[in-house]
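First, the structure itself, so that you have it in front of you.
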Amino acid sequence: MMNRAFKRLLPFALAVLASAPAFAQVQVHVGMGPFDVHFAQDAPPPMRREFRTPRPGPDHVWIGGYWDRDGDRWAWREGRWDRPERRDVRWVRPIYRGEGGGYRYEPGHWSNQELREGDSYRHFREQHGRGHDRGRHKGFYQD
């Protein structure tokens, strides 16, 4: 009797174990959509100093902390170690560029990810009659 109940429950128990999360943290890179270039009226705050932890593995790359746009405000994103999904990609740091009385913000991203014009930047260009003028202004926080 006990053997028969065990045989019935075994497939269910194996399915539960197979779907349980692993205890070790594994980074899985899923193809992310394009990142939007933003326009902000206010400058990003000064950069923060960070403590870099030891590298977790030889393939990991340090991504320094940076100011990111969160709606209509700046939000600090802590530095971290990350591993690129492929060996031929590199981390592209965020760019903050003074433009038209505000700031053009290009978020940090991997070199194989697409940057596109976001709604806030498109709206700014339409209001100011500007064409695509990427690269004509001196970087504000370029490292």
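Among the candidates Arg90, Arg83, single out the residue that is exposed (fewer than 15 other Cβ atoms within 10 Å of the Cβ) and touching a Ser or Thr at 6+ places or on another chain (Cβ under 6 Å).
Working: Arg83 fails: touching a Ser or Thr at 6+ places or on another chain (Cβ under 6 Å).
Matching residue, one of Arg90, Arg83: Arg90.
Moving on to the next point. In the set Asp70, Asp36, which member is in contact with a helix residue (DSSP H, G or I) (Cβ under 8 Å, 6 or more places away or on another chain) and under 27 Å from Asp119 (Cβ atoms)? Reasoning before the result, please.
On the way: Asp70 fails: in contact with a helix residue (DSSP H, G or I) (Cβ under 8 Å, 6 or more places away or on another chain).
After ruling out the rest, the residue left standing is Asp36.
Could you grab me the full set of residues in the range 41-80 that are surrounded by 12 or more Cβ atoms within 10 Å (Cβ to Cβ), among the basic types (Lys, Arg) and out of contact with any His (no Cβ under 9 Å at 6 or more places or on another chain)?
Residues satisfying the conditions are Arg48, Arg77, Arg80.
Considering only residues that are assigned to a strand (DSSP E or B) and of a type outside the set (A, V, I, L, M), which ones fall in the range 73-87?
Scanning the range 73-87 gives Arg73, Trp74, Trp76, Arg77, Arg80, Trp81, Asp82.
Can you tell me which condition Gln142 does not meet? The list is (1) out of contact with any Lys or Arg (no Cβ under 8 Å at 6 or more places or on another chain); (2) modelled with pLDDT under 90, and all the others hold.
The failed condition is (1).
Which pairs have Cβ atoms under 6 Å, sit 6 or more apart or on different chains, and link a residue in the range 109-138 that is farther than 27 Å from Pro84 by Cβ and part of a loop (DSSP other than H, G, I, E, B) to one that is modelled with pLDDT of 70 or more and not polar (S, T, N, Q)?
From the range 109-138, the pairs are His137/Arg97; His137/Glu99.
Which residues, counting only those in the range 88-103, are part of a strand (DSSP E or B), over 17 Å from the mean Cα position of the chain (by Cα) and not acidic (Asp, Glu)? Show your work before the answer.
Here is the first cut: in the range 88-103, the ones part of a strand (DSSP E or B) are 91-92, 95-99, 102-103.
Remaining after also requiring over 17 Å from the mean Cα position of the chain (by Cα): 97-99, 102-103.
Result: Arg97, Gly98, Gly102, Tyr103.
The values are calculated or read from the model by the stated rules, or taken from the named source; none is laboratory data. No experiment lies behind these values; they were computed from the predicted model shown. With ideal geometry, Cβ positions are generated from the backbone for all residues, glycine too; neighbour counts draw on all protein chains shown.
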